[in-house]
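This report concerns only the one structure given below.
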Amino acid sequence: MLAEIFATLFDVIVPLSIPVIAGAMLSQFGKLEIKPLLNFALYYITPFLIFDTLMEARLSPEDIYLTLAYSLLNLIFLAVVANLLGKLLKLPANDIAGLTLISSFTNAVNYGIPLMLLAFGQLGLEKASIYIVMQMVMMHTLGIFFAARSHFTIKNAIKSVFSLPAIYAVLLAMVLRALNLNLPGGLSTGVSMIAEAYPPIVLAVLGAQMANVKTESITRNTRITFWSGMGMRLLIAPLIALLCLHLLEIKGIMFSTLLVLSCMPVAINAGILAEKFDASPKVLTKTILWTTLLSFFVLPVLIVLVR
């Protein structure tokens with residue numbers, strides 16, 4: 001068991017840490033500007049990644065149904081609990097929005113994809129790809145709504161969902177798949193090239209965000225939001241995931257992949273949305289940092305237990 005855990009740490013964490021370290025060093029010594037990269041990721045790379053993933057994923061009807069049902073049920077439970085907890089603690093609207101983002105979305109793409117391939121092989125990655133697509137879609141639809149409503153009206157928050165190209169990438173991919181159409185070879189290659197740039201760029205952004213985490217004194221609300229978010233992501237989220245998997249009677253390799261992906265650290269894109277819409281970005285950055293660091297030790301153990 002220990003050998004498997006150390007193998008997972010070495011084979012997954014070391015490769016992923018390289019762009020993170022590079023981003024942190026660029027931020028400290030190269031004065032890397034984070035906000036332009038955030039917009040670059042949101043408006044350029046993300047829609048291509050979503051479109052390419054939706055077009056290439058091999059989806060069976062049963063897998064689609066179970067993963068869709070699980071993703072929505074899990075998200076509803078997490079969002080409701082996060083909002084109730086935020087109101088119980090009398091947090092302001094932007095902190096509740098940040099807590100909802102922390103609780104609801106995991107780093108299933110750039111961290112989850114190599115982890116799934118290592119732990120469960122190609123079959124596990126195929127099963128995981130459906131959930132990963134759902135996380136990307138929900139992040140750039142409901143995630144934007146959660147983040148934007150902290151200082152927008154509901155009407156403007158809904159408008160903000162349709163102001164980013166990711167939603168149109170989803171719609172286009174759905175139409176093409178429904179009509180059984182594919183892009184011509186040259187266009188498909190170009191889309192894939194852009195999509196492949198996603199992990200190193202967003203991981204570099206994560207490194208830059210980590211490097212810019214401040215250690216100065218924080219407000220009471222910020223401290224409460226941080227610890228509430230850590231508790232939600234590390235303790236409550238796995239319990240809710242187990243409950244949803246039990247309710248939907250999901251078993252086998254899909255159970256293992258969905259549980260592990262649901263226990264991933266806070267999504268990098270949650271931090272991007274928090275920065276863009278002022279949904280408690282300092283708290284998001286801190287929770288991304290600490291849940292990512294803790295995941296290096298927690299996830300290998302979890303994988304060994306469920307595999």
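The values are calculated or read from the model by the stated rules, or taken from the named source; none is laboratory data. For clarity, every value in this text was computed on a predicted model and none was experimentally measured. No Cβ is skipped: glycine too gets one built from the backbone with ideal geometry, and neighbour counts run over all protein chains shown. Protein only, heavy atoms only, side chains kept; ligands, DNA and RNA dropped before computing areas. Shrake-Rupley method; radii C 1.70, N 1.55, O 1.52, S 1.80 Å.
Quick rundown of the values:
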| read-out | value |
| --- | --- |
| Most fluctuating residue given options GLN209, GLN28, GLN135, as computed from a GNM of the chain linking Cα atoms under 10 Å | GLN28 |
| Globularity ratio of the chain, using Cα Rg and 2.2 N^0.38 Å | 0.95 |
| For the range 60-186: rounded, prolate or oblate by the Cα gyration tensor [a/c cutoff 1.5] | oblate |
| TYR44 - accessible surface, heavy atoms, 1.4 Å probe, Å² rounded to 10 | 90 |
| Projected-area mean, the range 215-290, by convex hull of Cα positions, square nanometres | 5.8 |
| Value of [θ]222 nm, deg cm²/dmol, for the chain, DSSP H segments ≥ 4, -39500 (n - 2.57) each, nearest 500 | -24000 deg cm²/dmol |
| Rounded, prolate or oblate (a/c below 1.5 giving rounded, otherwise prolate when a/b exceeds b/c) for the range 172-307 by Cα gyration tensor | oblate |
| Among ALA22, ALA208, ALA178: highest mean-square fluctuation, GNM of the chain, C-alpha pairs under 10 Å | ALA178 |
| Cβ-based net charge around ALA147, under 10 Å, with every Lys or Arg adding one and every Asp or Glu removing one | 0 |
| Choice from SER280, SER103, SER188 with maximal GNM fluctuation in the chain (Cα, 10 Å cutoff) | SER188 |
| Neighbour net charge for VAL205 - beta-carbon separation under 11 angstrom, K R +1, D E -1 | -1 |
| Prolate/oblate/rounded call for the range 1-129, Cα gyration tensor, a/c under 1.5 rounded | rounded |
| Carbon plus sulfur fraction of accessible area for the chain, probe 1.4 Å, in percent | 71 |
| For the range 162-247, projected area of the alpha-carbon convex hull averaged over all directions, nm² | 10.3 |
